[in-house]
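Colleague: Dropping a structure here in structure tokens format, bear with me for questions.
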Amino acid sequence: MKTGIAKRIIGALDRVLHFEVVHAHCDIPCGIYDPHQAQVAAHTVLRMDMLIADLMKGVSPAADSNSRNKLVRYVAVKEQHAELVKHEVRVIWGDYAKPETADAKTHELVWSIMKAASKAKQDTDVESAMDLLAKVEQFAEWFWKTKNVQVVRAKAPGFPTEAEMVFPKV
Amino acid sequence: MAPFPISIFMVRDHSMEPALKPGDYVVANRWFRRISAGDIIVFKHQEKEMLLVKRVGSIDRGRVFALGDNKEASQDSRSFGEIKRENIIGKVIGVA
């Protein structure tokens, strides 16, 4: 029965009768969302920029194959985690956020995270990574607020970035 | 029992690929007597106002475990559990 003719006939009927839709669903909202992964990834981007800065102090990468190897690895990890930030934020924004929880400021923030993550890929400046991290932490605050969960800002325990992170108070 | 034995539905999303692609139509028998593992069924989501189409993986005491063919891109009984018999709308008997 799976023929072009049958489909055309049913399609014509559909335009009149409007058949119901069935979802072969791959995105049923499971309710399990958490910005933590994006936060950790943003910290990782920052850490990579810090390591790159340390590596470049007084070192000529061209003259040292070990340093060059490290540099390539740091940049690769930075690239992956900046992309992970974008992915995680997009999923929460696209699948979890609703008109009643996400206002124009939220959309602006998500847009700015996408831009900041791209910038963090393009350069090795600690400031770029700090900017990305700050925006992701703002996003985490927004997320927990939508769930009526209070948050606390604290240094991420044990993270060598020594930067703040937003934690839910549960 | 449904007033009419046959219903047609349009498929959205990808979890039943390659058997069903977005835009395909499925013809479902609402007066089916029994379903077996391997059948494709249309059913109501347990919590959401939506209809789903999946393949029967197994049946145990009237409760159906349904899976998407494209398991890497499917949310199905692995995440939302077994499907009650009363939530099953029909058994797919044709695809166009």
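The values are calculated or read from the model by the stated rules, or taken from the named source; none is laboratory data. Being a predicted model, the structure only gives us computed values, none of them experimental. Every residue, glycine among them, receives a Cβ derived from its backbone with ideal geometry; neighbour counts consider all protein chains shown.
Colleague: In contact with a strand residue (DSSP E or B) (Cβ under 7 Å, 6 or more places away or on another chain) and of a type outside the set (Lys, Arg), is that true of A:ALA156?
Modeller: yes
Residue-wise test of (1) at pLDDT 90 or above; (2) part of a helix (DSSP H, G or I); (3) surrounded by 15 or more Cβ atoms within 10 Å (Cβ to Cβ).
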{"residue": "A:VAL21", "(1), (2), (3)": "no, no, no"}
{"residue": "A:ASP54", "(1), (2), (3)": "yes, yes, no"}
{"residue": "A:TYR74", "(1), (2), (3)": "yes, yes, yes"}
{"residue": "A:VAL89", "(1), (2), (3)": "yes, yes, yes"}
{"residue": "A:GLY94", "(1), (2), (3)": "no, yes, no"}
{"residue": "A:THR101", "(1), (2), (3)": "no, no, no"}
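Colleague: Right, next: Go through region B:42-96 and report how many residues are touching a residue at least 24 places away in the same chain (Cβ under 8 Å), of a type in the set (Val, Ile, Thr) and more than 8 Å from chain A (Cβ to nearest Cβ).
Modeller: Counting residues in region B:42-96 that are touching a residue at least 24 places away in the same chain (Cβ under 8 Å), of a type in the set (Val, Ile, Thr) and more than 8 Å from chain A (Cβ to nearest Cβ) gives 7.
Colleague: Further question: I'd like the full set of residues that are more than 9 Å from chain A (Cβ to nearest Cβ) and surrounded by 11 or more Cβ atoms within 10 Å (Cβ to Cβ), limited to region B:20-41.
Modeller: If the condition is that a residue be more than 9 Å from chain A (Cβ to nearest Cβ) and surrounded by 11 or more Cβ atoms within 10 Å (Cβ to Cβ), then B:ASN29, B:ARG30, B:TRP31, B:PHE32, B:ILE35, B:ALA37, B:ASP39, B:ILE40, B:ILE41 are the ones that fit.
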